[in-house]
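Shown next, in structure tokens, is the structure this report addresses.
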Amino acid sequence: MKSKEDLPGYMEFASVVSAQLDIAPDDLLRAAEETAIHTFGWPIGLVLHRADATPHPTEDGIEAEIGTNTIDNSYDYWRLGSNGDYYILKSLFEDGRSERRVIFFDTRVVRTAEVFLRTARLYKALGVPGDHVFNMRIEYGGLRGRVLSVISPSRMPIFPERISSVDSIVREYEVTVDQVLSAAGLKNLVYDVTKRLGEVFQFFRADQGTVNQAVDAFLVGRIT
């Protein structure tokens with residue numbers, strides 16, 4: 001497994017659920033595969049049936065490491081514990097799509113929504129009650145010196161050029177499964193993360209309505 005310091009930029013996510021779970025490895029694998037979201041490229045927490053990337057059992061759960069060995073040099077690692085603890089380390093899509101060191105704000109909206117929603121669906125599949133509280137932490141790193149940009153400039157223009165003055169941002173939440181599964185709850189969480197992300201790029205703040213529209217489109221399987 002690589003560390004986040006090995007990557008030029010990354011998204012790190014961790015969640016801990018206090019429910020008393022003791023899930024067998026094959027059931028963990030089934031839930032991880034069934035709850036992946038296939039809206040934006042490779043799903044977060046991807047389950048591949050490929051010799052060099054397939055998930056395998058560990059002492060306390062399952063894990064997978066996926067290095068594509070392609071031109072974009074992307075990297076994905078995840079592990080899921082029998083107790084429901086979930087961890088993801090993922091390189092940034094942007095680093096394989098631009099010659100400049102950028103962060104696509106609209107992509108971060110979608111990827112943040114995906115990792116939150118995917119985790120709540122995973123817990124539901126593992127039998128965690130909807131009113132049960134769990135803790136989650138998300139970090140974006142490798143930000144210092146990056147330029148804030150977007151894939152769709154006509155929808156969310158960003159000017160003048162804005163550069164990050166800090167290297168990472170972290171947000172932590174205590175939420176219920178149902179809160180994350182609800183459209184309103186998910187949109188509030190995504191806006192809180194992306195608002196903080198924008199702030200370190202010379203105080204950029206996206207309109208909450210624009211962020212909400214992007215999340216709504218994602219929820220019906222579209223990327224706007």
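The values are calculated or read from the model by the stated rules, or taken from the named source; none is laboratory data. Model, not experiment: these values are computed from the prediction. Virtual Cβ from ideal backbone geometry, glycine too; neighbours counted across all protein chains shown. Calculation scope for accessible area: heavy atoms of the full protein, side chains included, ligands and nucleic acids excluded. Shrake-Rupley method; radii C 1.70, N 1.55, O 1.52, S 1.80 Å.
Would the range 59-115 count as rounded, prolate or oblate if I go by the C-alpha gyration tensor, calling it rounded below 1.5 in a/c and otherwise prolate when a/b exceeds b/c, oblate otherwise? It would help to have the intermediate numbers written out before the result.
Values: a/c = 4.39, a/b = 1.70, b/c = 2.59.
Since a/c reaches 1.5 but b/c is at least a/b, the shape of the range 59-115 is classed as oblate.
Could you tally up the Lys pairs in the chain with alpha carbons closer than 24 Å? Skip any pair fewer than 8 positions apart unless they're on separate chains.
On the way: LYS2/LYS90; LYS4/LYS90; LYS4/LYS195; LYS90/LYS124; LYS90/LYS187; LYS90/LYS195; LYS124/LYS187; LYS187/LYS195.
Step by step, the pairs that qualify in the chain add up to 8.
Select from the range 1-89 those GluC sites (Glu not before Pro) which occupy a DSSP coil region and have at most 14 other Cβ atoms within 10 Å, ordered by residue number. Before the final figure, lay out the partial values.
Details: sites: GLU5, GLU12, GLU33, GLU34, GLU59, GLU63, GLU65; in loops: GLU59.
Passing both the DSSP loop test and the Cβ count: GLU59.
Pop out the carbon and sulfur fraction of the accessible area of the range 1-155 as a percent, whole number, probe 1.4 Å. Don't jump to the answer; show the numbers that get you there.
Values: 3340 of 6840 Å².
Of the solvent-accessible surface of the range 1-155, carbon and sulfur hold 49 percent.
Roll a 1.4 Å probe over the protein chains and send me the accessible area per residue for the chain in Å².
With all protein chains present, the chain gives 46 Å² per residue.
Which of THR119, THR54, THR35 ends up with the largest GNM mean-square fluctuation for the chain, with Cα atoms connected below 10 Å?
THR54
Suppose a student asked you for the relative contact order of the range 43-117, using Cα pairs under 8 Å spaced at least 6 residues apart; what percent would you report? Don't skip to the answer; put the middle values down first.
Numbers: 92 pairs, mean separation 14.9, N = 75.
Computed over the range 43-117, the figure is 20 percent.
Rounded to whole Å, give me the distance from the Cα center of the range 188-224 to that of the range 92-121.
11 Å
Magnitude of the Cβ-charge dipole of the range 1-51, K/R +1 and D/E -1, about the Cα centre, nearest 20 debye?
180 debye
Let me check against my output: what whole-number percent is the relative contact order of the chain, with C-alpha pairs under 8 Å and at least 6 apart?
This gives 22 percent for the chain.
Of GLN213, ALA120, LEU89, which is farthest on the positive side of the dipole of the chain, counting Cα position, with +1 on Lys and Arg Cβ, -1 on Asp and Glu Cβ, and the Cα centre as origin?
It is GLN213, whose Cα lies furthest towards the positive end.
If I compute Cα Rg over 2.2 N^0.38 Å from the structure I just sent, which labelled value in (i) 0.99; (ii) 1.06; (iii) 1.14 lines up?
Only one listed value fits the structure, namely (i).
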